[in-house]
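Have a look at the structure below before the remarks.
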Amino acid sequence: DLVGKPIELAGRTLSGDEFQWAKYRGKVVLVDFWATWCGPCIREMPNVRALHEKYAARGFDIVGVSLDQDLDALAEFNNEHELPWETLAGEETQELAKRYGVRGIPTMMLIDKEGKVVAVAHRVDELASKLEQLLK
């Protein structure tokens, strides 16, 4: 139901800063709803990272939306794994998940340069061909 509709993200980043969704306009973005306690999320993380490494120079970025309640565990994970993208954290992320119908994680949304949802999937490989098309 989200495909073709705009998505707006707001809240605080893991570092405590106000998240600036507007700075992602003009980029293709993968929004990744996940948590450190989610086994499938952690298994998918190397694929998310590989996608970032492959396409970042072509106008692609990632925004993590962590559903963790334990922000210390999230900070520890982030430091240990050196995630190179911004991660939204805190109470607002639960509201974002509800607003966008996230029922299971990981849930990934591919967003076009205008801020509209192009595809929703649970694994990176389900989005790769769409991503290629958007970056052409």
Size of charge dipole - region 5-72 - debye, nearest 20, with Cβ of Lys, Arg +1 and Asp, Glu -1, no other charges:
460
Separation in nanometres of the label points that stand 7 Å from Cα toward Cβ, at A10 and K130
2.5
Hey, how many Å between the Cα centroid of region 22-75 and the Cα centroid of region 106-136?
12
Please give the FRET efficiency for R103 paired with R43, using the beta carbon to beta carbon distance and R0 = 22 Å, rounded to the nearest 0.05.
0.70
Per residue solvent-accessible surface (Å²) - the chain, probe of 1.4 Å:
53
How large a share of the accessible area of the chain, in percent, is made up of carbon and sulfur atoms when the probe is 1.4 Å and the other protein chains stay in place?
48
Linear extension gain, K54 paired with L71, 0.36 nm per residue minus alpha-carbon span:
3.2 nm
Would you mind calculating the relative contact order of region 2-125 from Cα pairs under 8 angstrom and at least 6 residues apart, reporting the percent as a whole number?
40
Apply 1/(1 + (r/R0)^6) to the Cβ-Cβ distance of A22 and E92, taking R0 = 22 Å, and write down the FRET efficiency to the nearest 0.05.
0.85
Which residues' amide hydrogens lie under 5 Å from the amide hydrogen of D68, considering only partners 5 or more residues apart or on another chain, with H built in the peptide plane?
T36
In debye, nearest 20: dipole of the chain around its Cα centre with unit charges on the Cβ of K, R (+) and D, E (-)?
760
Along the principal axes of its C-alpha atoms, what lengths does the chain span, in descending order and rounded to whole Å?
39, 27, 26
Partner lysines for K5 [C-alpha distance under 17 Å; skip if fewer than 8 residues away on the same chain]:
K27, K98, K113, K116, K130
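The values are calculated or read from the model by the stated rules, or taken from the named source; none is laboratory data. Computed from a predicted structure; not experimentally measured. Every residue, glycine as well, gets a Cβ built from its backbone with ideal geometry; the counts of neighbours run over all protein chains shown. Ligands, DNA and RNA are stripped out before the accessible areas are found, and what is left, the full protein with its side chains, is counted by its heavy atoms. Shrake-Rupley method; radii C 1.70, N 1.55, O 1.52, S 1.80 Å.
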